[in-house]
Structure formats: structure tokens, C-alpha cells
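A.B. asks: This is the structure I want to talk about, given as C-alpha cells.
The values are calculated or read from the model by the stated rules, or taken from the named source; none is laboratory data. Keep in mind the model is a prediction, meaning the values are calculated, not measured. Here the Cβ is made from the backbone with ideal geometry for all residues, glycine too, and neighbour counts use every protein chain on show. Accessible surface is based on the protein model in full, side chains and every heavy atom, while ligands, DNA and RNA are left aside. Shrake-Rupley method; radii C 1.70, N 1.55, O 1.52, S 1.80 Å.
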Amino acid sequence: MTEHVDVLIVGAGPTGLTLGIDLARRGVDALVVEKADALFPGSRGKGIQPRTMEVFDDLGVIGAILTKGGPYPTGAVWKDGRKVGEHEMFEPSETDPDTPYGNPWMVPQWRTQEILFARLTELGGTVAFGREVTGFAQDETGVSVEFTSGTAVRARYLVAADGGRSVVRRTLGIGMTGETVDPNPMLVADVRITGLDRDNVHVFPPHGDDGFLAVFPLAGTEDFQVVAQFPEGTDVDLSLDGIRKTVAGRSHLAPEDVTELRWSSDFRPRAALADRFRQGRVFLAGDAAHVHSPAGGQGLNTSVQDAYNLGWKLGAVLRGEAPASLLDTYEEERRPNAAEMLGLSTKVHRGETRRGEATRQLGIGYRESSLTTETRAASDGLRAGDRAPNRTVAGVRLLDAFRGPHWTLLALGTKAPALGDSDAVRVVAGPPTETYGTGLFLVRPDGYVGWAGDTDDGLAEYAERFGLDA
């Protein structure tokens with residue numbers, strides 16, 4: 001017996017859950033499978049960047065993300081049991097009408113996944129736990145997947161969101177090109193601690209042979225995340241006693257101040273990029289396609305945006321609104337961006353740049369994409385391929401207008417032409433704005449300007465590529 005679905009997503013991390021949500025709201029029959037028996041339990045990817053906040057706004061989870069998380073506290077530097085300095089974890093940025101979410105937001109990864117899982121379930125989506133992929137084969141019409149337990153699945157497309165050690169990627173034989181960012185192993189653990197306030201990220205600089213220790217109060221919880229660096233070749237002790245020894249040896253805290261261990265892991269910071277993001281009917285997304293140092297807070301965010309880019313394209317192809325060649329643009333658009341974010345993460349890790357404007361990911365765009373058409377002779381500001389910023393037009397907040405699986409046509413200071421039906425294209429008309437200026441802007445379902453022009457010449461032909469013609 002074989003189960004049939006349109007899309008099989010392997011991995012129920014942030015990438016797989018985000019894609020599951022996006023496909024579910026498009027009416028695509030998708031199944032998420034996860035080899036573990038439950039969602040990932042650790043806080044690892046705890047920083048949500050402003051661009052990802054906008055994605056979560058569109059997907060209907062921003063309320064829970066804001067409620068369950070919080071801003072990053074100021075860093076406090078300790079020496080000999082005293083606070084000797086403070087520093088901001090990020091270069092601060094004020095919110096403005098264009099960017100309602102201006103600064104990173106801290107949410108432990110396990111909680112982000114719980115929020116995404118609840119939204120997926122609300123939309124009728126499913127996660128099948130305890131389903132480990134053992135092999136698959138693809139042909140011209142689909143992919144047949146086998147598991148250690150349970151029935152086989154036949155899917156029209158398969159998406160690997162199964163992490164840096166992706167079984168799917170390795171089965172395909174797709175290589176990863178990269179480097180070791182830092183040979184020194186790192187510890188990350190979720191613990192309960194007494195004797196530290198929750199108003200600061202507590203930083204204990206390296207002393208002697210020991211590496212640094214940082215203790216983050218995890219917003220919305222009673223937990224702290226401990227991050228520690230060790231000399232190259234160290235066998236990191238992940239037990240409660242081992243973490244107590246590390247904390248006590250590098251701070252003024254006593255071993256017994258670490259009262260509980262909830263999760264722990266170790267890793268060697270590296271940066272690697274898959275040689276391809278697609279092979280036939282199989283796509284790589286998230287850590288299966290790119291592995292980051294956690295220092296820049298880019299890994300989870302880049303992964304979520306992989307899913308966000310792929311979701312609307314799969315939906316359009318599966319509904320027959322666009323040709324299958326649209327799926328070629330996933331790798332075209334996402335691989336260069338992943339490469340850029342990998343480089344940024346590495347620079348942050350090595351202290352070559354600060355967390356700031358670039359790490360917020362608001363400047364990511366697709367100006368060079370084959371899906372981008374800019375018909376205006378010149379524009380000093382917003383161009384086709386750029387993120388469509390928020391504004392209020394004729395009383396409509398654009399992030400509210402963008403929310404949903406549709407395209408959006410902005411007609412600013414000019415008449416809106418007829419374009420598709422109201423379910424496929426929402427029209428927002430009003431006067432010119434400071435950010436957009438005057439003109440027509442067709443905004444893709446993932447919030448990027450696909451087409452821009454002073455007049456509608458060429459707009460109908462562009463829209464027809466996506467089944468949006470009137």
C-alpha cells in the first residue's frame with residue numbers, strides 16, 4: 001500500500017513546518033515526515049530576524065511569536081565576579097513605516113517550532129513522526145519514498161528539510177562545499193540557573209586556557225541558554241555535571257547554581273553550501289542546503305525564507321497556473337542569497353563585522369532573477385526584485401494587504417488595470433508614497449516586487465506567466 005501526496009516534506013524543523021504551512025494555505029496536499037518521535041527540544045536557533053518576522057506575519061503566527069518571545073537584552077561583561085561593562089548585542093535600528101519589525105526577536109527554537117506546528121495543524125496539515133527515510137527513487141512523474149516503518153509515499157515532489165546531515169541530500173549524491181569556520185568546539189545547552197538576573201546576556205570573556213562563556217536568558221521561559229567555547233580537540237562533556245563544571249570554572253557561579261539541564265549539544269562551527277538546491281523532482285531547503293555558524297543568527301532565518309520562496313512556486317505549478325519551469329527559479333534565487341548569508345555569518349563569527357543592518361535580512365532581494373522585470377528607465381529607490389516594504393496606502397497597511405497566498409498589485413498615482421480575479425490578485429490603489437514613488441508594482445506572494453512600471457505596458461504578458469491574466 002502506498003500513500004499519495006502532492007508534496008512530501010522530510011523534516012519537521014522550522015523549514016519543513018514553514019513550507020507545510022505555506023502549502024496548506026494554498027490547498028496543496030502535503031505531508032511532513034519527521035524521523036524523531038517529537039519536535040526538536042532545544043533552543044538552538046533563537047534569533048528571529050526582522051525579515052522573518054514579516055514572513056511570520058504573512059503566515060499568521062506573528063501574534064504568538066511576539067507574545068512568546070522578547071527583545072534581546074543588553075550584554076553585560078563580567079570579570080572577577082563584577083559587571084565591568086555593557087554592550088548591545090546588535091546595532092540598534094528604529095522601527096519606521098517601512099519596517100514595523102526593526103530589530104531581532106528572541107524565541108527559543110523549540111517554541112518557534114511549537115507555534116509553527118500549531119498553525120500547520122490549524123490549517124489541516126499533518127506531521128507524521130517516527131518516519132525515517134531509508135531510500136527513494138524518482139521518475140518523470142514523481143518520487144517514491146520508503147521508510148523504516150509505515151507505508152511508502154508517492155509524491156509529485158520531495159523537499160529535503162532534514163538538516164545538515166540530510167539523508168536525502170546524501171542519497172542524491174549532492175556535495176557540500178565549505179570550510180571550518182572555527183576549529184574550537186562549542187557547547188550549547190538549555191539550563192536553569194540561580195544567581196543571574198534575566199535583564200542581561202551575561203558574557204564571561206576567555207581566561208587562561210578556557211574559551212568564552214555566554215549565558216542568555218531565554219525570553220518567555222525560565223531557562224537560560226549556555227554557550228561555551230573549548231580548545232581544539234576537547235571532548236565536550238554534555239552532562240549536567242560537565243556543564244556545572246564549565247559554568248563554575250568560567251564565572252563567579254557555584255556548580256550547584258546550575259539547577260537543571262533541559263537539553264545540550266555540541267558542534268564545530270562551519271559554513272557549507274550545497275552544490276545544487278535541486279535534482280529533478282527533489283529540492284533541498286534549510287540546513288540540508290546550507291550550514292551556518294550560529295554567530296550571525298542567519299541559519300534558521302535563511303531556512304525559513306527558502307521555504308517561503310519555494311512554497312508559492314510549488315503551489316502555482318501544482319495548480320496548473322504556471323509551467324514547471326517556474327521551479328527552476330528556486331535554486332536561481334535562493335542559492336546566491338544563501339551563499340551571501342553564509343559569508344556574513346562567518347564574518348560575524350570571526351569578529352570582522354557586527355550584527356546589524358545586513359543580518360536583519362531586509363535587504364535581501366532578487367533583482368537579477370529571471371522572474372524580475374523592471375520597465376522604468378531609472379529609479380534611485382525601490383526596484384523590481386526588492387522586498388516590498390510596508391506602508392499605509394489609502395488607509396490600507398501593505399503588510400495586511402500582502403497577507404495571504406495571493407499576488408498584490410499596487411497602483412500608486414496611476415490607474416490600476418484589470419488583472420486576474422480578486423482571489424488571485426489584490427489591488428491596492430492610492431497616491432504615491434515616499435518609498436514606492438509613482439507607478440505600478442506587482443508584488444509576488446512572497447513579498448517581493450516582481451514587476452514594476454510607469455505604465456501597464458508589458459504587465460499583462462508578465463502576469464500571464466503565472467496564470468494571472470484577466
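A.B. asks: Given the criteria assigned to a strand (DSSP E or B) and closer than 27 Å to ASP306 by Cα, does ALA271 qualify?
C.D. replies: It is true that ALA271 is assigned to a strand (DSSP E or B) and closer than 27 Å to ASP306 by Cα.
A.B. asks: Let me ask something else. Mind telling me which of the residues GLU114, GLU86 ends up being closer than 23 Å to PHE216 by Cβ, within 24 Å of the chain's Cα centre (by Cα) and acidic (Asp, Glu)?
C.D. replies: GLU114
A.B. asks: Quick one: in segment 418-433, of everything that is loosely packed, with under 13 Cβ neighbours inside 10 Å and at pLDDT below 90, which residue is nearest to the chain's Cα centre (by Cα)?
C.D. replies: ASP423
A.B. asks: If only one of ARG169, ARG82, ARG165, ARG154 is out of contact with any helix residue (DSSP H, G or I) (no Cβ under 6 Å at 6 or more places or on another chain) and either acidic (Asp, Glu) or within 28 Å of LEU318 (Cβ to Cβ) (or both), which one is it?
C.D. replies: Result: ARG154 is the single residue among ARG169, ARG82, ARG165, ARG154 that is out of contact with any helix residue (DSSP H, G or I) (no Cβ under 6 Å at 6 or more places or on another chain) and either acidic (Asp, Glu) or within 28 Å of LEU318 (Cβ to Cβ) (or both).
A.B. asks: Consider segment 147-179. How many of its residues are surrounded by 13 or more Cβ atoms within 10 Å (Cβ to Cβ) and more than 17 Å from VAL32 (Cβ to Cβ)?
C.D. replies: 9
A.B. asks: Quickly run through segment 254-271 and pick out the residues that are open to solvent by less than 50 Å² (accessible area, probe 1.4 Å) and closer than 15 Å to PHE212 by Cα.
C.D. replies: PRO269
A.B. asks: Specify which of the listed residues (TYR462, TYR448) is aromatic (Phe, Trp, Tyr) and more than 27 Å from ILE21 (Cβ to Cβ).
C.D. replies: Sole residue among the options that is aromatic (Phe, Trp, Tyr) and more than 27 Å from ILE21 (Cβ to Cβ): TYR462.
A.B. asks: What number of residues in segment 230-246 are buried (at least 18 other Cβ atoms within 10 Å of the Cβ) and either part of a strand (DSSP E or B) or more than 31 Å from the chain's Cα centre (by Cα) (or both)?
C.D. replies: 2
A.B. asks: List pairs: first residue in segment 152-177 and under 21 Å from VAL304 (Cβ atoms), second residue modelled with pLDDT of 95 or more and polar (S, T, N, Q) anywhere in the structure, Cβ distance under 6 angstrom, at least six positions apart or on different chains.
C.D. replies: Correct list of pairs: ALA160/SER166; ALA161/THR15.
A.B. asks: Which of (1) under 30 Å from PHE277 (Cα atoms); (2) in contact with a helix residue (DSSP H, G or I) (Cβ under 9 Å, 6 or more places away or on another chain) is the odd one out, the single condition ASP210 does not satisfy?
C.D. replies: All conditions pass for ASP210, except number (1).
A.B. asks: In addition: Just name the residue that is surrounded by the most Cβ atoms within 10 Å (Cβ to Cβ) out of those in segment 386-401 that are more than 19 Å from THR52 (Cβ to Cβ) and in contact (Cβ under 8 Å) with a residue 60 or more places away in the chain.
C.D. replies: Across segment 386-401, the extreme among qualifying residues is ARG391.
A.B. asks: Shifting gears a bit: Mind checking which residues of segment 13-35 are part of a loop (DSSP other than H, G, I, E, B) and under 25 Å from LEU187 (Cβ atoms)?
C.D. replies: GLY13, LYS35
A.B. asks: Just one of the numbered conditions (1) open to solvent by 10 Å² or more (accessible area, probe 1.4 Å); (2) more than 24 Å from ALA271 (Cα to Cα) is not true of VAL191; which one?
C.D. replies: Every condition holds for VAL191 apart from (1).
The rows are residues; the columns are (1) over 29 Å from GLY164 (Cα atoms); (2) touching a residue at least 24 places away in the same chain (Cβ under 8 Å).
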| residue | (1), (2) |
| --- | --- |
| PRO183 | no, yes |
| VAL215 | no, yes |
| ASP235 | no, no |
| HIS252 | yes, yes |
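A.B. asks: Exactly one of (1) modelled with pLDDT of 95 or more; (2) buried (at least 19 other Cβ atoms within 10 Å of the Cβ) is unmet by ARG198. Its number?
C.D. replies: Evaluating ARG198 over (1) modelled with pLDDT of 95 or more; (2) buried (at least 19 other Cβ atoms within 10 Å of the Cβ) leaves (2) as the failure.
Rundown of residues vs (1) basic (Lys, Arg); (2) modelled with pLDDT of 95 or more; (3) closer than 22 Å to GLN49 by Cβ; (4) open to solvent by 70 Å² or more (accessible area, probe 1.4 Å), yes/no style:
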site	(1), (2), (3), (4)
THR346	no, no, yes, no
GLY351	no, no, yes, no
ALA384	no, yes, no, no
ARG403	yes, yes, yes, yes
THR408	no, yes, no, no
THR435	no, no, yes, no
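A.B. asks: Is there a residue being under 15 Å from the mean Cα position of the chain (by Cα), in a helix (DSSP H, G or I) and either surrounded by fewer than 22 Cβ atoms within 10 Å (Cβ to Cβ) or of a type outside the set (Phe, Trp, Tyr) (or both) anywhere in segment 310-327?
C.D. replies: The answer is yes, given that some residue of segment 310-327 is under 15 Å from the mean Cα position of the chain (by Cα), in a helix (DSSP H, G or I) and either surrounded by fewer than 22 Cβ atoms within 10 Å (Cβ to Cβ) or of a type outside the set (Phe, Trp, Tyr) (or both).
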